[in-house]
Structure formats: C-alpha cells, structure tokens
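I have placed the structure first, in the form of structure tokens, so that the comments after it can refer back to it.
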Amino acid sequence: MVDFQERDTKRGLREDQEAAHEGPAAEGDGAADEGAPPPGDGEAEIDEVRQQLEERPESDGGQKAHPDESAADPGDDGDHDDHGHEDHGHDHHHHEHDLDELGAAVVTVSSSRTLADDPSGDHVVEALVDAGHDVVTRELIPDDYDDVQHTVDSLVRRSDVDVVVTTGGTGVTPDDRTPEAVRPLFEKELPGFGELFRRYSYGEIGTRVVGTRATAGIIDGVPVFCFPGSTDAVQLGVEEIVVEEAPHLAGLAQRDADEE
C-alpha cells in the first residue's frame with residue numbers, strides 16, 4: 001500500500017534541497033523554479049494513484065477470475081438425466097400379462113325374458129366381439145339365488161372362460177338376488193368397479209343411481225362383472241369398463257397359475 005504521508009514528506013525535503021541548491025527565485029517573478037513541481041501537482045498525483053487503486057479489479061490471490069467460471073450450484077449433484085422423458089418401459093411391464101383375446105361367458109338373469117328377446121345380453125355380446133374377444137357361451141337363467149350362484153360357479157371353472165358378465169338382478173326388488181348369490185364366491189372383490197359404474201351412470205340417471213347394486217370380483221382367477229338389466233346401463237358399463245379393464249384383470253388374476 002502506498003504511504004502517501006511518507007511520500008509527501010520525502011517530496012517536500014527534496015524540493016527544499018533543490019531550492020537551496022539553485023537559489024531563491026527573483027523577487028517579483030511570479031514564475032516558479034523549473035525544478036519545483038507546479039502548485040497542487042502532488043495532490044493530483046495522489047488522487048490519480050488512489051483512483052487507479054479503486055479501479056483495480058478484485059481478484060483472488062492476485063489472479064482474475066475467468067468470466068465464464070461460476071460457482072457450482074449446491075443443489076446440482078451432477079445428475080443430468082432428463083427426468084421429463086417419458087418412461088414407456090414401466091407401462092409396458094404393467095400390461096405384459098394382459099390377455100389379448102378373452103373367452104367370455106354372458107349370462108342374463110331374468111324371469112321374464114328369453115334369449116330371442118334379450119337386448120341387454122345382445123349389447124354385451126356385441127361389445128365384446130367388437131373388441132376382439134370370443135363369446136364362448138351365452139345363458140339365460142331365472143332370478144333365483146341358487147340358479148345364479150350355481151351358473152356363475154360352473155362358468156368360472158371352464159378352461160375356455162376368462163371373464164363372466166351378467167345382466168339383471170342387481171336392483172332392490174324382492175327377486176333381485178344376483179349380488180347376494182355371487183358375492184360369497186368372490187375371492188377378491190373389486191369395489192372400484194361399482195364406484196366407477198355408478199359415477200358414469202349418474203350422468204345418465206342422476207340420483208337414481210343409488211338403487212343399483214352393480215358389483216364385481218375375482219372367482220377362481222376369473223373376473224366376474226354383474227350389471228343391471230337396463231340396456232343403457234349395460235352398454236355404458238361394458239364398453240367403458242369391461243372392454244378396457246377385463247384383459248388386464250384377467251391377466252393379473254391368472255398370472256400366478258400361469259407362472260407355476
């Protein structure tokens with residue numbers, strides 16, 4: 001650091017010595033001696049040095065930092081993987097057990113209809129076939145607890161049946177017994193089916209949806225879906241839920257048996 005006071009003192013001594021050596025200036029001569037600095041020159045030099053010191057760029061250890069260098073982000077751990085990239089491998093793994101073609105059994109539960117007059121059953125068959133599945137059997141049975149339970153239990157034991165869809169008997173009239181007959185057979189109930197079906201149905205029938213007891217579950221590795229007898233309800237539920245989810249559910253339910 002420049003010691004300005006010491007430098008000014010030395011400059012003053014030097015000026016005095018030069019003045020003594022050359023002699024005093026002539027009286028009346030307003031010009032300064034040639035060896036003496038002009039008035040105020042020392043202060044100007046000090047100001048110039050101070051300005052240079054102030055303008056000197058800051059550095060670490062006397063070296064300038066490179067303008068392109070910057071401190072590393074503390075949160076940057078060096079992992080630059082693109083997490084926004086979609087991982088389709090997981091989705092593929094999730095569906096690897098799906099069955100491409102299902103063998104379906106369609107059962108209409110009604111004491112007043114026949115197979116020739118069964119629009120709800122017709123819609124189930126049509127939706128499944130259009131989706132590329134095979135309807136291996138179609139039956140019509142009366143609203144009877146034992147008949148419903150025996151029929152469903154027999155169908156899930158067939159080697160060519162991967163899914164069972166029933167229509168009718170899920171209401172609240174005294175002869176609506178399908179849920180009571182089928183639920184004891186469930187190894188795993190699928191409550192999400194009934195919840196989703198009623199949500200979809202609400203847009204069609206409003207609060208009357210509380211009167212439907214549609215249910216579903218897994219029996220012996222086979223998904224079983226029980227719908228109301230309404231044609232609109234069957235069409236909505238089969239197309240929006242069964243066609244979309246039955247291949248996945250059937251594949252998962254049969255996975256352990258297939259891998260043994």
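No lab work stands behind these numbers, since they all come straight from the coordinates. Note that the structure is predicted; figures quoted are calculated from it, not measured. Methodologically, a virtual Cβ is constructed for each residue, glycine included, from the backbone with ideal geometry; neighbour enumeration extends over all protein chains shown.
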Exercise for the section: Subtracting the Cα-Cα distance from 0.36 nm times the residue separation, let me have the gained length for Leu185 to Tyr145 in nm, one decimal. Expected result: 13.2 nm
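Compare the peptides 155-163, 188-196, 99-107 by average per-residue count of other Cβ atoms within 10 angstrom and give them in order, highest first. Provide the component values of the computation, followed by the final result.
Details: 155-163: 17.4, 188-196: 14.7, 99-107: 20.3.
Ranking the peptides 155-163, 188-196, 99-107 by packing returns 99-107, 155-163, 188-196.
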Completion exercise
Length gained if Asp220 through Asp160 is fully extended, taking 0.36 nm per residue and subtracting the Cα-Cα distance, is 20.3 nm
Problem - Amide H contacts of Thr167 (H built 1.01 Å from N, under 5 Å, at least 5 apart or other chain) - result: Val107, Thr108, Val109, Phe227
Practice task
Quickly work out the Glu244-to-Val172 label distance, labels modelled 7 Å from Cα along the C-beta direction, and quote it in nm with one decimal.
Solution key: 2.8 nm
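With r as the distance between the Cβ atoms of Val136 and Ser112 and R0 = 25 Å, compute the FRET efficiency 1/(1 + (r/R0)^6) and round to 0.05. All intermediate terms of the calculation are to be shown ahead of the outcome.
Details: r = 26 Å, r/R0 = 1.03.
With R0 = 25 Å, the Cβ-Cβ based efficiency is 0.45.
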Exercise for the section: Tally the DSSP beta bridges in segment 102-259 and give the antiparallel ones as a percent, rounded to 5. Expected result: 35 percent
Exercise for the section: Please sort 202-209, 225-232, 130-137 by packing, taking for each peptide the average over its residues of neighbouring beta carbons within 10 angstrom, highest first. Expected result: 225-232, 130-137, 202-209
